[in-house]
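See structure below.
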Amino acid sequence: MSEPAVSLHILPCGACDLHESVVFSDRPQDSPHRVQGPSWAYLLRSPDTVALIDTGMPPEAADGGRIFPGDRIVPIMTADDIVTARLAELGLQPADVDFVVNTHLHFDHAGGNRLFPDHTFVLQRAEYAAVEAGNAGPWCAFGRGVRLLDGDAEIMPGVRAIFTPGHSPGHMSLLVSTRRDGPILLAIDASYTTETFDPARMGAMQDPSAGAASVLRLQQIMRDTGARIFFGHDPEQAKEWRHSPEAYQ
């Protein structure tokens, strides 16, 4: 049986200007250096399904808008980087999307949720617990409701959610099977960059022990499947991979 015909569009959604200690856990808090980490959403299409993975940063962050006080995390984006604008570049409207996946609920991954008021959102039960506890950000809207996952699960044919807690309690990565380009592992924020894909050098983790186990698990999945891995905020890797409107198929 052949692999399902899935295409993957990597949607540029701006960047975050970050104090380097946010990205590299072994850098000092008083370092003068900063890193610009690109922010992404992802569109998955099969003959029967269109799924949006993450929704980028809040629209009010465009054109110099600030979300947080201070300069530890500074969004950099324009109106073109709002996720609905990226969909429009592909000739799509929100109504063309069947469902939305939140890999986790941080502002740069769930910030555009309210732009999809008629959609069901898919996320891990362990991540949704933050909403139930009143600890989620104000951007965490969920349209018509949520479909909660408990660990690994098939999101759609050819796309599997991989439970990778650590960065957040219910963080998940995605394994995407494309016919021509082969398996692609979207690490999301289980590892920010190629450099942090190491249990000893991870970036921001709520639970470092769980994060280290998730990195090791992704490394094993790569060995088992031959998948290439795309990291959540790697500025160098961003130069090497195809961005929308081009696709991996």
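The values are calculated or read from the model by the stated rules, or taken from the named source; none is laboratory data. No experiment lies behind these values; they were computed from the predicted model shown. Because the Cβ atoms are built from the backbone with ideal geometry, glycine has one as well, and the counts that use them run over all protein chains shown. These accessible areas exclude ligands, DNA and RNA; they are computed on the full protein's heavy atoms, side chains included. Shrake-Rupley method; radii C 1.70, N 1.55, O 1.52, S 1.80 Å.
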Check your understanding: Looking at (1) of a type in the set (Lys, Arg); (2) in contact (Cβ under 8 Å) with a residue 24 or more places away in the chain; (3) loosely packed, with under 15 Cβ neighbours inside 10 Å, which is the only condition Arg66 fails?
Key -> (2)
Exercise for review: For Ser168, state whether it is touching a helix residue (DSSP H, G or I) at 6+ places or on another chain (Cβ under 9 Å) and of a type in the set (Gly, Ala, Ser).
Suggested key: yes
Practice item. Within the stretch 170-192, identify whether any single residue is in contact with a Ser or Thr (Cβ under 7 Å, 6 or more places away or on another chain), open to solvent by less than 30 Å² (accessible area, probe 1.4 Å) and more than 23 Å from Val97 (Cα to Cα), and answer yes or no. Key: yes
Practice item. Being open to solvent by 70 Å² or more (accessible area, probe 1.4 Å) and closer than 28 Å to Ala247 by Cα is the filter; apply it to the stretch 1-30 and report the residue that is modelled with the lowest pLDDT. Key: Met1
Review point. Does the stretch 205-219 contain at least one residue that is closer than 18 Å to Gly37 by Cβ, modelled with pLDDT of 95 or more and within 15 Å of the chain's Cα centre (by Cα)?
Key: no
Practice item. Name every residue in the stretch 85-128 that is of a type in the set (Asp, Glu) and within 16 Å of the chain's Cα centre (by Cα), in order of residue number. Key: Asp108, Glu127
Point to revise | Filter result for the condition that a residue is touching a Lys or Arg at 6+ places or on another chain (Cβ under 9 Å) and within 19 Å of Pro165 (Cα to Cα), over Leu148, Leu43 | key: Leu148
Practice item. With the condition kept exactly as written, say whether any residue in the stretch 153-161 is of a type outside the set (A, V, I, L, M), touching a residue at least 60 places away in the same chain (Cβ under 8 Å) and either under 15 Å from Met222 (Cα atoms) or crowded, with 22+ Cβ neighbours inside 10 Å (or both). Key: no
Revision key, fill the gap. Considering the stretch 18-36, residues that are in contact with a Lys or Arg (Cβ under 8 Å, 6 or more places away or on another chain) and assigned to a loop (DSSP other than H, G, I, E, B), and then whichever is nearest to Tyr248 (Cα to Cα), we arrive at Phe24
